[in-house]
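Data block below; observations after.
Read-outs throughout are calculated quantities, based only on the coordinates presented, and are distinct from any laboratory measurement. Source: prediction; values computed, not measured. No Cβ is skipped: glycine too gets one built from the backbone with ideal geometry, and neighbour counts run over all protein chains shown.
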Amino acid sequence: MHAAGPENWVPARWNGGPLETARRGHLDPSFAAVLKDWYGTRSLDLLSGTPINCLLVPWSAGVEPKLEAEQQRILTSFVREAHTRNIAVVGVLYPAAEPRRAAESAVKAKLDGLALAGEAASDGRFLAELRKYWGKKPVIPLGGRDALRAEADWAVWATKEGVPPRVRITSGDGAVMATTTSEPWIESNTWLVQALLAAGGSRPAWLGYALAEPSVQDYVRAIADASIAGGRWIVSLDDRLQAGLWRREAQALAAWQSISAALRQYEEIQHARPLRPVSVLGIVRDPAFPYPEIADEYLNLIHRRRIPFTVIERRSLTHGAIAGLRAVLALEVAPPSDSERALLESFAKAGGTLVAGPSWAPLKEGEDEFVTAAMGSGELILCRREICAPEAVAREMVDWIGAGNLPVRVFNAPSALLRAWRADSGGTVLVHLVNYASSPSERVTVRLQGRFPTVRLMRPGAEAVNLKPDFSGSGTEVRVERVEVVASLLFEE
């Protein structure tokens, strides 16, 4: 697998050695001992039976040369052993690293790739110097999204950005609060993965954030939150788990099995088959849009409303990209070119809903935030303001599309979000559920458009279970008694 390329890499941070100890500063002596001896067959044995086949290791940080040379000497032997097990090794370069020295030593050690951490990812001169000695071999950014430039020729569209997936607590006793008019505030990165995949084209998308004092459920949720959108979270061991694994403590090994089971489920049912997202809404993104935070919130808040959408880069806006959708959000297409106007107005006239800004047509003065006009068999909805409030767009979008037109709906699970995919061959729909609360969701109902006589429930580390579907009109409905953290439903015709 290490020779197959980044598209098949399942990554994990594998921090250790004297460089990591120096980089971290003061450490508990017992944990420092773990880092010192981490690179050997003992840590590689932990990967046996797991999908992880790519390890990110500290390679260069511009520290004292003898210490860095010792780190690379240790890792050179480690890389050889990892390759015998079909595991790729990617060296992480930190901002103070010297590009030429780091690249030349990486070539000698036969590293499979290099990753640029933090500000190094955004430093064009650093990358240019690195490329002189590293060539076209894989380079992966692990900085802010400002580093994600097409001309950088990144092997993976990756970022250190992201939030620990969870429900934001809104009550003093830690309970999840939801009413008939409000949903719990869910922190998710699924929308971010969708944006990365759209911008990166055919390249894989990775999220490189770390979890703070995580539980096993937090690890599983982070894996699922990225995987259900088609991306991957770089598994990042916290100090307690890493030390427990090194000592082969029973609790740590059990946690590792749960993490491995979650990775295995998504690698087998999500990444290993040709799938296309189930969507009713296309959201057009323009990298030149002057308000990127607002653009992100369109995706974030619409995802929270469980509206299945596809991200479309403005340069990729074609008839094929919007075919089959019920609505297109084109607030970032401002002003539209003649060809864009013709394409999207044709979409609306054929029965679609087009949501656009005031640059599309002059508006009379008024107080309504949105103005609706018929356009052929569809409608044009114009936002009166140049910057349309994301909360308002997300709130109204369900009504503009029509709740009955949503292909998948979930009931009795206010802390859960979903993502659905359809097999290229047709006849199969995969619905992923992620519960973002610390307590389970119970008696969850999932309704999917179409008739599917076979429905299987899949959960990490458990045997698949057949559910009894109920048919109502043109839809199929099943009930899942309990969703601890994640569940996937395979609907088959």
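Computed from the Cβ-Cβ distance with R0 of 25 Å, the FRET efficiency linking Glu151 to Glu119 stands at 0.85.
Could you tell me which of rounded, prolate or oblate describes segment 279-405, using a ≥ b ≥ c as the square roots of the eigenvalues of the alpha-carbon gyration tensor, with rounded for a/c under 1.5 and, failing that, prolate when a/b is larger than b/c and oblate otherwise? The shape class here is rounded. Averaging the sequence gap over all C-alpha pairs within less than 8 Å and six or more residues apart, then dividing by the number of residues, gives segment 1-68 a relative contact order of 47 percent. Legend: calculated FRET efficiency, Gln257 to Glu187, from the Cβ-Cβ distance at R0 = 35 Å, rounded to 0.05, equals 0.85.
Which of these values of Rg/Rh (Cα atoms, Kirkwood Rh) was calculated from the structure shown: [x] 1.03; [y] 0.99; [z] 0.96? Only one option fits the structure, namely [y].
Subtract the Cα-Cα distance of Glu386 and Arg100 from 0.36 nm times their separation in residues, and report this length gain in nm to one decimal. Intermediate values should be presented prior to the final figure.
Working: separation 286, 0.36 × 286 = 102.96 nm, distance 4.71 nm.
Roughly 98.3 nm would be gained on extension.
Note the full-extension length gain between Lys66 and Glu369 as 0.36 nm times their separation in residues minus their Cα-Cα distance, in nm to one decimal. Before the final figure, lay out each step's value.
Working: separation 303, 0.36 × 303 = 109.08 nm, distance 6.39 nm.
The Lys66-Glu369 span can extend by a further 102.7 nm.
Relative contact order, percent, of the chain when contacts are C-alpha pairs under 8 Å separated by at least 6 residues? That works out to 10 percent. Charges were assigned to the Cβ only: +1 to each Lys and Arg, -1 to each Asp and Glu. The resulting dipole of segment 279-405 about its Cα centre is roughly 420 debye. Counting Lys and Arg as +1 and Asp and Glu as -1 over every other residue whose Cβ lies under 14 Å from the Cβ of Ser43, the net charge comes to +2. Which value, in debye to the nearest 20, describes the size of the charge dipole of segment 408-492 about its Cα centre when Lys and Arg Cβ atoms bear +1, Asp and Glu Cβ atoms bear -1, and nothing else is charged? So the dipole magnitude of segment 408-492 works out to roughly 140 debye.
By the beta-carbon count within 10 Å of each Cβ, the least crowded to most crowded order of Asp153, Asp296, fewest first, is Asp153, Asp296. Evaluated with a Cβ-only charge set (Lys, Arg +1; Asp, Glu -1), the chain carries a dipole of roughly 1260 debye about its Cα centre, given to the nearest 20. Does segment 1-137 come out rounded, prolate or oblate by the C-alpha gyration tensor, with a ≥ b ≥ c the root eigenvalues, rounded set by a/c under 1.5 and, if not, prolate when a/b is larger than b/c and oblate if not? Here segment 1-137 falls in the oblate category. For the listed peptides 247-254, 430-437, a ranking on the average number of other beta carbons within 10 Å per residue, highest first, reads 430-437, 247-254.
At a Cβ-Cβ separation cutoff of 4.7 angstrom, cysteine residues of the chain with no neighbouring cysteine are Cys54. When a/c reaches 1.5 or more, the comparison of a/b and b/c decides; with that in mind, is segment 396-457 rounded, prolate or oblate per its Cα gyration tensor? Verdict is oblate for segment 396-457.
For segment 4-143, relative contact order (Cα pairs under 8 Å, six or more residues apart, normalised by length) works out to 22 percent.
When Val107, Val480, Val485 are arranged by Cβ crowding within 10 Å, least crowded first, meaning fewest neighbours, the order is Val107, Val480, Val485.
Note on Glu249/Ser472: beta-carbon distance plugged into 1/(1 + (r/R0)^6) with R0 of 56 Å gives a FRET efficiency of 0.65. Of the residues Thr353, Ala69, Ala120, the one whose Cα sits farthest toward the positive end of the charge dipole of the chain, with +1 on the Cβ of Lys and Arg and -1 on the Cβ of Asp and Glu, is Ala69.
Think of the chain as a dipole: +1 on every Lys or Arg Cβ, -1 on every Asp or Glu Cβ, centred on the Cα centre; then among Pro292, Ser30, Asn86, Asn86 lies furthest on the positive end.
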